[in-house]
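Asks: Mind having a look at this structure? Questions to follow.
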Amino acid sequence: MKQSDRVTRIPKSAIHEMTRLSKQYDDVAFLSWAKPSGGTPEHINRAAINAIQKGLTGEYSASDGLVQLREEIVRKLKRDNNIEGKADELLVTVGAIEGLAAAVLATIDPGDEVILPSPTYSTHIRQVELASGKPVLVPLIEEQNYALDIAAVRSAITDKTRAIMYCNPNNPTGTVFPESQLRQLAKIAIEHDLMVITDEAYEYFVFDGNRHFSIASVPEMKKQVISAYTLTKTYAMTGWRVGYVHADEAVIAQIRKAHIPLAICAPVVSQYAAIAALQGSQDCISEFRQHYFIARNLMCERLDQLPEVFDYVKPGGSYLMFPRIKLAEGRDSLAFCKQLLRDIQVSTTPGVAFGPTGESHLRLSFCVLEETINLAFDRMEKYFG
Ligand SMILES: Cc1ncc(COP(=O)(O)O)c(C=O)c1O
């Protein structure tokens, strides 16, 4: 039976493939997943249990999400993103991912082009392909800490370009794009009437004095930005599947039309957990950030001990880094990842999964226990030494 070309053409997810392969071994030092492992804070769990016990969670919510949650999000956007929003400009989604999928579907028609500075999160590339769009990958400048190449973005624009889509901080490189560059990008979007779709999943995890800047805080961009956020990374809630999208009211109305056939609404129990997360103490965020900061520094120190094997740019944010493999066998990053897993049970993610300029790199997650980082690097030092 014939299956859709659109889906058949999509390559297997390298991240999920490495997870599957890792299950064949005991005692894997696992650096493949970008997910917090510390557990959801107790007060959030308790709020969900209370909501269940009160019988509040057994039915769909409104498709845009509980009003109380959207009102909390409005306060958060003002406080932390400098965005003046309204509850009617919000859609609560099944993680950031479903919101982004709906946003892409609402923005492009088949054959339209979306510019993605890359390497970038492979899921964004797949979302454009699923909407029958054409991802146009514009390389970041690795030699300048993976900076946005504004001139290259400008020259990639054609009469089919509809949107620019990026994550900030970036997965997989951990780059925090500075306000000055994002303002230049905003200017280009305004000049060419393009939508900007942002994924700000790692907004709170920035280090070394970097500041997270939301392009939707530029008032002239009001009608031209769709911003996706998530509680899943911020509060260690990846399994709860709850995030949200903010855009101008007319744009949100269109995204909602794509959201309903994808999800109807976000899980209601998770929406109650999200209210508690936003209303409660935010100390857990700084604790997570401090943990990632220490883990990042440790990973950098350990990479410094392998100068013949890796070059790297210290990530200013996220909990991911993207070292270049200097060895000849690293030119095929998938084969190199499989070799590391098979020979020393260290699980990483091949850079090629994040676009062609990701080839010859590995993505390493430092959202793990320090002992996992040490175990992985003890093994690599012995192996390459
Ligand atoms: C950049 C980025 N956006 C979104 C997600 C997933 O977010 P959510 O769990 O909210 O769907 C990930 C997960 O790895 C990610 O790295």
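Asks: Given the residues Glu113, Glu84, which is the only one that is acidic (Asp, Glu), without any contact (Cβ under 8 Å) to a residue 40 or more places away in the chain and in contact with a helix residue (DSSP H, G or I) (Cβ under 9 Å, 6 or more places away or on another chain)? So that I can check it myself, show each step before the final result.
Replies: Details: Glu113 fails: without any contact (Cβ under 8 Å) to a residue 40 or more places away in the chain.
The unique qualifying residue is Glu84.
Asks: When you go through (1) within 22 Å of the chain's Cα centre (by Cα); (2) crowded, with 20+ Cβ neighbours inside 10 Å; (3) assigned to a helix (DSSP H, G or I) one by one for Gly330, which number turns out not to apply?
Replies: (1)
Asks: For the stretch 188-225, name all the residues that are in a strand (DSSP E or B) and either more than 16 Å from the ligand (Cβ to nearest atom) or touching an Asp or Glu at 6+ places or on another chain (Cβ under 9 Å) (or both).
Replies: If the condition is that a residue be in a strand (DSSP E or B) and either more than 16 Å from the ligand (Cβ to nearest atom) or touching an Asp or Glu at 6+ places or on another chain (Cβ under 9 Å) (or both), then Met195, Val225 are the ones that fit.
Asks: Give, as residue ranges, the helices (runs of 4 or more DSSP H) completely inside the stretch 1-114 that count at least 1 residues that are at pLDDT 95 or above and either open to solvent by 40 Å² or more (accessible area, probe 1.4 Å) or in contact with a His (Cβ under 7 Å, 6 or more places away or on another chain) (or both). Steps first, please.
Replies: Details: elements: 5-8, 14-22, 42-53, 67-81, 95-107.
Those helices (runs of 4 or more DSSP H) span 42-53, 67-81, 95-107.
Asks: Condition first: among the hydroxyl-bearing types (Ser, Thr, Tyr) and either crowded, with 22+ Cβ neighbours inside 10 Å or touching a helix residue (DSSP H, G or I) at 6+ places or on another chain (Cβ under 7 Å) (or both). Now tell me which residues in the stretch 180-213 satisfy that.
Replies: Let us first name the residues in the stretch 180-213 that are among the hydroxyl-bearing types (Ser, Thr, Tyr), namely 180, 198, 202, 204.
Of everything in the stretch 180-213, those that are among the hydroxyl-bearing types (Ser, Thr, Tyr) and either crowded, with 22+ Cβ neighbours inside 10 Å or touching a helix residue (DSSP H, G or I) at 6+ places or on another chain (Cβ under 7 Å) (or both) turn out to be Thr198, Tyr202, Tyr204.
Asks: Has the stretch 333-349 got at least one residue that is farther than 19 Å from Ser22 by Cα, crowded, with 18+ Cβ neighbours inside 10 Å and of a type in the set (Val, Ile, Thr)?
Replies: No; the residues of the stretch 333-349 include none that is farther than 19 Å from Ser22 by Cα, crowded, with 18+ Cβ neighbours inside 10 Å and of a type in the set (Val, Ile, Thr).
Asks: Among the numbered criteria (1) more than 18 Å from the chain's Cα centre (by Cα); (2) open to solvent by 10 Å² or more (accessible area, probe 1.4 Å); (3) closer than 25 Å to Ala131 by Cβ, which single criterion is violated by Ala216?
Replies: All conditions are met except number (1).
Asks: While we're on this one: For the stretch 233-283, which residues satisfy the criterion of being away from the ligand (no atom under 15 Å from the Cβ), surrounded by fewer than 24 Cβ atoms within 10 Å (Cβ to Cβ) and within 16 Å of Ala47 (Cα to Cα)?
Replies: Correct list: Val268, Val269, Ile275, Ala276, Gln279, Gly280, Ser281, Gln282.
Asks: Separate question: Restricting the first residue to the stretch 129-144 and requiring it to be in contact (Cβ under 8 Å) with a residue 60 or more places away in the chain, which pairs with a second residue that is open to solvent by less than 30 Å² (accessible area, probe 1.4 Å) and small (Gly, Ala, Ser) meet a Cβ separation below 6 Å and a spacing of at least six or different chains?
Replies: Leu137/Ser118; Leu137/Gly355
Asks: Further question on the same structure: Within the stretch 71-89, identify whether any single residue is away from the ligand (no atom under 14 Å from the Cβ) and closer than 17 Å to Tyr166 by Cα, and answer yes or no.
Replies: yes
Asks: Right, Ala276: among the hydrophobic types (A, V, I, L, M, F, W, C) and in a helix (DSSP H, G or I) or not? Please lay out each step first, then the result.
Replies: On the way: among the hydrophobic types (A, V, I, L, M, F, W, C): yes; in a helix (DSSP H, G or I): yes.
Spelling it out, Ala276 is indeed among the hydrophobic types (A, V, I, L, M, F, W, C) and in a helix (DSSP H, G or I).
The values are calculated or read from the model by the stated rules, or taken from the named source; none is laboratory data. Just so it is clear, the structure is predicted and the values come from calculations on it, not from any experiment. Heads up, the Cβs are rebuilt from the backbone with ideal geometry, glycines too, and the neighbour counts pull from every protein chain shown. Please note that ligands, DNA and RNA were not included when accessible areas were found on the heavy atoms of the full protein model with its side chains. Shrake-Rupley method; radii C 1.70, N 1.55, O 1.52, S 1.80 Å.
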